[in-house]
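*Asks:* Just dropping this structure here.
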Amino acid sequence: MAKEKTAFRCRECGATAPRWEGRCHSCGDWNTLVEEARRATTRPQHQPAERPVLVADVPLTSGMHRPTHIDELDRVLGGGLVPGSVTLLGGEPGIGKSTLLLQTLTSLARSGARCLLVCGEESAAQVRMRAERLHAIVPNLWLVADPEVQGVVAHVQELEPDVLAVDSVQTLSDVDLPAAPGSVTQVTECANRLVRLAKERAIATVLVGHVTKEGTLAGPRVLEHAVDTVLSFDGDRHHALRLLRAMKHRFGATGEIGLFEMGETGLSTVTDPAALLLADRQRGVPGCVVTPVLEGARALLVEIQGLVSTIDAEAKVMAVRSAQGLDPKRLSVLLAVLEARAKINLYGAHVYASAVGGVRVSEPAIDLPIALALVSTHHKRPVPDDLVVCGEVGLAGEVRQVPQIGRRLQEAARLGFKRALVPASTPDTVGGFELLRVHTIGEAISVTGLAQAAPK
């Protein structure tokens, strides 16, 4: 009879230890080791499934992309899903992962691919109701609610689909393992089983994964290493915009992003993001600055808004610092730079900064737009409507150059902007575009005319 052995596995990295320890010896995280029971079995001598072949003899057709016919998704995937590949789709609850997955399978089924959807979180009736709303009742789309990985393998062997989708991998379980579904052991073993199945039968496989409260994919890190592609689907659930990014992609580049808009009938591709992000922009209002940002290889024009509310000297309240869609730590740094280098003290006021439209921006190129938005609302003077602002701000108050400024300004020129406030080191990259070059943040405040009005 097989003897049971007890080991401890880290929830974050999957490393094992013979006994419980407070800190994982591999990743260094605390209180992440969980107990698991394993059966020690004697394995027969391994027989290789395939023989080595020359690289020149490997057919190129095995790595051809199968288009999903969803333009933004194909853009991120570099053309579509590859037979035998495994794609991990992660995102926050309620962001639209299941909707995107069902629409992708529907589009593939309409093009003639046989698709199988394995739902572990919802019943078949719930998926059917979503399919009715998304107009996803099509031939070649099969559905099964089975939480066991052995059952999934049996369904694949019987149906022989071209595309397999599992929603989600954390709900699958291996009946031969004593661990609970969602544990490190179950997620690792089930994912490895599905990866082997995809490679053996050349099935394009999509796995939906949960994310933690920090925004990272839940489960062991080995899950991301085992798959070929890792997609991140995020956005603000209170806004319609959704962004799809490739964090890892073995069959193409990771520089593209896909833009979607969530509506009553599901997700639709966004061909012109400016129409969505700048549609409700108000002109001539203090505290509003338009900046070109880079999301992957695509330039987007985003409106940065700032608000400064003075606190009564007699009121004993703490000043509020709020950053929506921006890095709050970077906001604190910019407030310190404004006080030290531009003599604008905002520590005695509530300060709010926001990236409008549900976009999350973290690149340093938005430092100067954030600072000018705060100065604009503090001095009650608007930034010119035909001006875009872009630049990184250093601790010495200098305005530093940002990458791919030409691509950013081309998008701004396409949308009708005539002038750009940029670092002094910016080269002439866009013809017919007036560049206002500045060396310091104080010079930027002076050039935009924000220093002419003192606070009342």
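The values are calculated or read from the model by the stated rules, or taken from the named source; none is laboratory data. Quantities reported herein were computed from a predicted structural model and do not represent experimental measurements. Every residue, glycine among them, receives a Cβ derived from its backbone with ideal geometry; neighbour counts consider all protein chains shown.
*Asks:* Is it fair to say Tyr347 is of a type in the set (Phe, Trp, Tyr) and in contact (Cβ under 8 Å) with a residue 40 or more places away in the chain?
*Replies:* no
*Asks:* Report, by residue number, each residue of the stretch 376-401 that is of a type outside the set (Ser, Thr, Tyr) and surrounded by 23 or more Cβ atoms within 10 Å (Cβ to Cβ).
*Replies:* Passing the criteria: His378, Val383, Val388, Val389, Cys390, Gly391, Val393, Val399.
*Asks:* I've got another one for you. Being in a helix (DSSP H, G or I), under 25 Å from the mean Cα position of the chain (by Cα) and in contact (Cβ under 8 Å) with a residue 60 or more places away in the chain is the filter here, so list the residues in the stretch 357-390 that pass it.
*Replies:* Listed by number, the residues that qualify are Ala365, Ile366, Leu368, Pro369, Ile370.
*Asks:* Please tell me if Ser168 is surrounded by 14 or more Cβ atoms within 10 Å (Cβ to Cβ) and touching a Pro at 6+ places or on another chain (Cβ under 8 Å).
*Replies:* No: the conditions fail for Ser168.
*Asks:* Only residues that are over 18 Å from Ile366 (Cβ atoms) and either loosely packed, with under 15 Cβ neighbours inside 10 Å or of a type in the set (Asp, Glu) (or both): list them for the stretch 411-424, please.
*Replies:* Across the stretch 411-424, the qualifying residues are Arg414, Gly416, Lys418.
*Asks:* Another question, then. So, Ser354, is that one part of a strand (DSSP E or B), among the polar types (S, T, N, Q) and out of contact with any helix residue (DSSP H, G or I) (no Cβ under 7 Å at 6 or more places or on another chain) or not? First the steps, then the outcome.
*Replies:* Values: part of a strand (DSSP E or B): yes; among the polar types (S, T, N, Q): yes; out of contact with any helix residue (DSSP H, G or I) (no Cβ under 7 Å at 6 or more places or on another chain): yes.
It is true that Ser354 is part of a strand (DSSP E or B), among the polar types (S, T, N, Q) and out of contact with any helix residue (DSSP H, G or I) (no Cβ under 7 Å at 6 or more places or on another chain).
Rundown of residues vs (1) touching an Asp or Glu at 6+ places or on another chain (Cβ under 9 Å); (2) surrounded by 15 or more Cβ atoms within 10 Å (Cβ to Cβ); (3) polar (S, T, N, Q); (4) at positive phi, yes/no style:
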site	(1), (2), (3), (4)
Gly96	no, yes, no, yes
Thr106	no, yes, yes, no
Ala124	no, no, no, no
Met129	no, no, no, no
Trp142	no, yes, no, no
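*Asks:* Additional query: All but one of (1) in contact with a strand residue (DSSP E or B) (Cβ under 8 Å, 6 or more places away or on another chain); (2) closer than 30 Å to Leu278 by Cβ; (3) among the acidic types (Asp, Glu) hold for Asp236, so report the exception by its number.
*Replies:* Status for Asp236: all satisfied but (1).
Conditions tested, residue by residue: (1) in a strand (DSSP E or B); (2) touching a Cys at 6+ places or on another chain (Cβ under 6 Å); (3) of a type outside the set (D, E, K, R); (4) within 20 Å of Ala204 (Cβ to Cβ).
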{"site": "Thr68", "(1), (2), (3), (4)": "no, no, yes, yes"}
{"site": "Leu73", "(1), (2), (3), (4)": "no, no, yes, yes"}
{"site": "Leu108", "(1), (2), (3), (4)": "no, yes, yes, yes"}
{"site": "Arg128", "(1), (2), (3), (4)": "no, no, no, no"}
{"site": "Ala136", "(1), (2), (3), (4)": "no, no, yes, yes"}
{"site": "Pro139", "(1), (2), (3), (4)": "no, no, yes, yes"}
{"site": "Val166", "(1), (2), (3), (4)": "yes, no, yes, yes"}
{"site": "Leu177", "(1), (2), (3), (4)": "no, no, yes, no"}
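*Asks:* Could I ask something else about it? I'm trying to understand the selection: among the residues of the stretch 239-273, which are surrounded by fewer than 16 Cβ atoms within 10 Å (Cβ to Cβ), in a loop (DSSP other than H, G, I, E, B) and of a type in the set (A, V, I, L, M)?
*Replies:* Listed by number, the list holds a single entry, Ala253.
*Asks:* Answer yes or no as to whether Leu276 is in contact (Cβ under 8 Å) with a residue 60 or more places away in the chain, closer than 30 Å to Gly78 by Cβ and crowded, with 20+ Cβ neighbours inside 10 Å. Before you say what the answer is, go through the steps one by one.
*Replies:* Numbers: in contact (Cβ under 8 Å) with a residue 60 or more places away in the chain: yes; closer than 30 Å to Gly78 by Cβ: yes; crowded, with 20+ Cβ neighbours inside 10 Å: no.
In short, no.
*Asks:* With the structure loaded, tell me whether Thr216 is under 25 Å from Arg414 (Cα atoms), among the β-branched types (Val, Ile, Thr), surrounded by fewer than 19 Cβ atoms within 10 Å (Cβ to Cβ) and at pLDDT below 90 or whether it fails that test. Outline the logic, then answer.
*Replies:* Values: under 25 Å from Arg414 (Cα atoms): no; among the β-branched types (Val, Ile, Thr): yes; surrounded by fewer than 19 Cβ atoms within 10 Å (Cβ to Cβ): yes; at pLDDT below 90: yes.
Judged against the criteria, Thr216 is not a match.
*Asks:* Got a sec? Which of Asp228, Asp162, Asp174 is acidic (Asp, Glu), closer than 28 Å to Met247 by Cβ and in contact with a Phe, Trp or Tyr (Cβ under 9 Å, 6 or more places away or on another chain)?
*Replies:* Unique residue meeting the criteria: Asp228.
*Asks:* Still on this model: Taking the stretch 24-60 as the search range and keeping residues that are in a strand (DSSP E or B) and surrounded by fewer than 14 Cβ atoms within 10 Å (Cβ to Cβ), which one is modelled with the highest pLDDT?
*Replies:* Going through the qualifying residues, I end up with Trp30.
*Asks:* Kindly evaluate Glu158 against the criterion of being assigned by TED's automatic domain parsing to the domain that holds Gly266 and modelled with pLDDT under 90. Write out each step before concluding.
*Replies:* Working: assigned by TED's automatic domain parsing to the domain that holds Gly266: yes; modelled with pLDDT under 90: no.
The answer is no for Glu158.
*Asks:* Additional query: Determine which member of the set Leu88, Leu77, Leu73 is assigned by TED's automatic domain parsing to the domain that holds Glu261 and either among the polar types (S, T, N, Q) or over 16 Å from Leu259 (Cα atoms) (or both).
*Replies:* Just one listed residue meets the conditions, Leu88.
*Asks:* Being part of a loop (DSSP other than H, G, I, E, B), touching a residue at least 24 places away in the same chain (Cβ under 8 Å) and not hydrophobic (A, V, I, L, M, F, W, C) is the filter here; which residues of the stretch 302-331 pass it?
*Replies:* Gly325, Asp327
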